[in-house]
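Participant: Handing you a structure now.
Derivation of every value follows stated rules applied to the coordinates shown; laboratory data play no part. Note that this is a predicted model, so its numbers are computed, not measured. All Cβ positions, even for glycine, are placed from backbone atoms using ideal geometry, and neighbour counts span all protein chains on display.
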Amino acid sequence: MEVEGPDDRVGRFRDLLTQVCPPLSRIDGYRHKRIEPIGETNFSIRPSRRDGPASALILPDVAACEECRREIFDPGSRRYRYPFTNCTNCGPRFSIVESLPYDRANTTMRRFTMCDECRREFEDPRDRRFHAQPNACAKCGPRLELWDASGRSPADHEDALSQARRVIQSGGILALKGLGGFQLIVDAENDDAVRCLRQRKHRLEKPLALMYPSFAAIEDDCIVTPAEKEALLSCTAPITLLRRKISSATAVHRVSAAVAPDNPYLGVMLPYTPLHHLLMADLGMPVVATSGNLSEEPICTDEHDALDRLRGIADMFLVHDRPIARPVDDSVVRLMADHMVVLRSARGYAPTVVDLTNAVVDCLAVGTQVKNTVAISKGKRVIISQHIGDLASKAAFTAMRRAAESLLTTYGVTPDLVACDLHPDYRSSVFASSFDHPPKMVQHHYAHVLSCMAEHRLDSPVLGVAFDGTGLGDDGTIWGGEFLLINERSFERIAHLRRFRLPGGEAAVREPRRAAVGLLYEGLGVAAFDMESLAPLASFTPQERCVLHNMLIKGVNAPYTSSAGRLFDAVSSLLGLCQQMSFEGQAAMQLEFVAEQASCVRPYEYTIDLQSAPYVLDWEPMLRQILSDLRESVTPALIAAGFHRTLVAMISTVVEKVGQRRVVLTGGCFQNRYLTECALQSLQRRGFEVYMHERVPPNDAGIALGQIMAATRRHHGGEEQCA
Ligand code: ZN
Ligand code: ZN
Ligand code: FE
């Protein structure tokens, strides 16, 4: 910006510039210098130059602002009930941007020519829609249509909206083309409709997200803290995990039990596009709004593709003709210790930018297998993609490749390095091997810790506590209950949980009862098989028990693990809470929910072997006490809480023993609020500086960032082997 005028006026302008900012602006850096006046008298904004390197950022999508919301409900406004209303302060961004700079010609709005009135707003610096790239109105912008399952369109505009509403009201399933993809919508109070959706989507028990018509309606059903309210009403409008009101009798809306079975929380969001606002205002009740996909596949973005893929699921399709540039799901957040932790980073958050203290070489990181994201680095910046998901399906694999290519081309990065997980069979690792140079393979938990360090700009040394499901260790065994001391170049594995076998390998990831049998066998030997009345053993037939027995004795198809996640599974199974899981993390979630009900809790005993290197934290005394508590009919709440507190005690012991002031808590287990808050409290009380994830998820979605940090620090240090 060039500004001319008397010193005091220019000075005042400079102050105002940094003090009075538009709602979505953020000043990352600020420099000024004096130049010779040339006698300019007017203010102009020149067109973007297209030749230089892309240094601007793609912004995340932004929920409809209050002013736009008022316009669509104002009969006197020319945008009355127009579902694609937006302005400079709100609207689509990441979901429509195809390349930089962010100009309309580089977005999927390119095909719509602004009418005279829209053009006037767009060109007037005093207008709220000045340079609002997706600016549109009913005369010139995207249009709504309702399609049936064969693609015929019985209605458009206002009719489409009212017929769509009737589909939901009559218990049907509506596929809605939203901001970053399709959502499947049903009446949340209609039990049959919710069950039908689950059945057709092949999603058995995993909680479904809800959209409420208003904040007041959310408060009818859930307990909302001020921090949670802030998240819900923010311009990112994420799905926020909220505690339900205790008895369903006190809740106003009769949300179907099938929405989140056996779960004291609901995942709730507010309408975030004008289309959602219009639909929800007309409905006036909560709806299930879940990703428009088959279980675990990426979300559908194109209406013709949706017709094909969602035909067997949705009854009607509410679509529009604004193309979606890339799939962007709804984001999920949870408040822990009053910090907002992003569990799934997509709409409103992605692409996530992490500014580093030092510049690193250009790198592409491809993340892991489940909860995949990819990331690139450029100078002092890391840019992390939106949530892509489980790479098991071909569609997800393609989505990952596209996300990587899109980040690289958008920012003009040709990576000097490609980083992936140490596990060679992850599809992301296979993709990483397709580049010219062999990829840098990064140990999973090392990446978890570096990810959290990068988010908080921490330098080594730091002690990382990485608790998660599974990740390949550098000794070839499965890790997941790790204490890693991060040094300048690499890391040292200071301690880990005592290992136990997982009979059936991969099968044990889905069946907590297998983890339980493995744990019992490790702790008690063959005597474990005499305890036939214990929940995990009782859930197997005698023949199955015999097979497990053989696997464990011979050590065949029964890999060792030090995973904290599997320990959660095992205890959940011992308490009879969950024997077989229909979604990732189910058993641990149930254990957490039960633990929350306990009052006055004490940790169980455990031992730590300080002679061994790394130290081994032995859970065997705890296991024996849990078994005796079970015999004495101690409540599951007390046992579950005692288990959580034992892990916290183990963490505190190792942290004190190591004596490193800065501690990072990372890995999927730290999505567990009870564990996270107790660990935080315990360590802070002892005077440690504790860091947890916030914008970058603690789960495997945070791994890509950590991979970049590991690969580039190793590169700069000139060290070649896998750390
Ligand atoms: Zn707006
Ligand atoms: Zn217009
Ligand atoms: Fe992990």
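Participant: Tally Lys and Arg at +1 and Asp and Glu at -1 over the other residues with C-beta under 15 Å from the C-beta of Gly29: what net charge comes out? Kindly include the intermediate steps, with their values, before the conclusion.
Facilitator: On the way: positive: Arg14, Arg26, Arg31, Lys33, Lys380, Arg381; negative: Asp28, Asp355.
My count for the surroundings of Gly29 gives +4.
Participant: Rounded, prolate or oblate: which one fits region 134-257, using the alpha carbon gyration tensor with axes a ≥ b ≥ c (rounded when a/c is under 1.5, else prolate when a/b beats b/c, else oblate)? Intermediate values should be presented prior to the final figure.
Facilitator: Numbers: a/c = 2.16, a/b = 1.36, b/c = 1.58.
It comes out oblate by the Cα gyration axes.
Participant: Something else: Quickly rank 476-487, 128-139, 350-361 as a protection proxy: mean count of other C-beta atoms within 10 Å, highest first. Let's see the in-between values first.
Facilitator: Working: 476-487: 22.5, 128-139: 19.8, 350-361: 17.8.
Highest-to-lowest ranking by the protection proxy: 476-487, 128-139, 350-361.
Participant: Please give the direction-averaged projected area of the C-alpha convex hull for region 365-519, in square nanometres with one decimal.
Facilitator: Average projection, Cα convex hull of region 365-519: 9.9 nm².
Participant: While we're on this one: Let me see the P(r) profile for region 582-673: every Cα-Cα distance counted, bins of 5 Å, each bin given as a percent of all pairs.
Facilitator: 3, 12, 19, 21, 21, 14, 8, 2, 0
Participant: Would you calculate a helix-derived [θ] at 222 nm for the chain, using -39,500 (n - 2.57) for each DSSP H run of n ≥ 4 and dividing by the full residue count, to the nearest 500?
Facilitator: Value at 222 nm, helices only, nearest 500: -10000 deg cm²/dmol.
Participant: Right, here's the next one. Let me make sure I get this right: for region 340-442, a, b and c are the square roots of the gyration tensor eigenvalues over alpha carbons, sorted descending. Under 1.5 in a/c it's rounded, otherwise prolate if a/b > b/c, else oblate. Which is it?
Facilitator: Oblate, since a/c reaches 1.5 and b/c is not below a/b.
Participant: How charged is the neighbourhood of Leu161? Take every other residue with its Cβ under 12 Å from the Cβ of Leu161, and add Lys/Arg as +1 and Asp/Glu as -1. List each step's numbers first, then the result.
Facilitator: Values: positive: Arg81, Arg143, Arg165, Arg166; negative: Glu145, Asp156, Glu158, Asp159, Asp282.
Counting the neighbours of Leu161, the net charge comes to -1.
Participant: For region 641-657, just list the computed ³J(HN,Hα) in residue order, Karplus coefficients 6.51, -1.76 and 1.60, θ = phi - 60°, integers in Hz, with x standing in for Gly and Pro.
Facilitator: 5, x, 4, 4, 5, 5, 4, 4, 5, 4, 4, 4, 4, 5, 4, 5, 4
Participant: Name the residues whose placed amide hydrogens come within less than 5 Å of the amide hydrogen of Leu343, ignoring near sequence neighbours (fewer than 5 apart) on the same chain.
Facilitator: Val332, Val333, Arg334
Participant: When a footprinting reagent is the concern and you count Cβ atoms within 10 Å, what order do Lys177, Lys394, Lys33, Lys378 take, fewest first?
Facilitator: Lys33, Lys394, Lys378, Lys177
Participant: Calculate the spin-label point distance for Arg243 paired with Arg110, positioning each point 7 Å from the Cα along the beta-carbon direction, and give it in nanometres.
Facilitator: With each label placed 7 Å out from Cα toward Cβ, I get 5.1 nm.
Participant: How large is ³J(HN,Hα), in whole Hz, for each residue of region 147-158 in order, when computed from phi with the Karplus curve 6.51 cos²θ - 1.76 cosθ + 1.60 and θ = phi - 60°, using x for Gly and Pro?
Facilitator: Values, residue by residue: 10, 8, 5, 9, x, 6, 10, x, 7, 9, 6, 4 Hz.
Participant: Per-residue counts of other Cβ atoms within 10 Å, averaged by peptide: what ranking do you get for 447-457, 554-564, highest first?
Facilitator: In descending order of packing, they fall as 447-457, 554-564.
Participant: Need the full-extension length gain, Lys657 to Arg120, defined as separation in residues times 0.36 nm minus the C-alpha distance. One decimal, nm.
Facilitator: Stretched out fully, the Lys657 to Arg120 stretch lengthens by 186.6 nm.
Participant: Looking at the chain from every direction and averaging, what is the projected area of its Cα convex hull in nm²?
Facilitator: Orientation-averaged projected area of the Cα hull: 34.5 nm².
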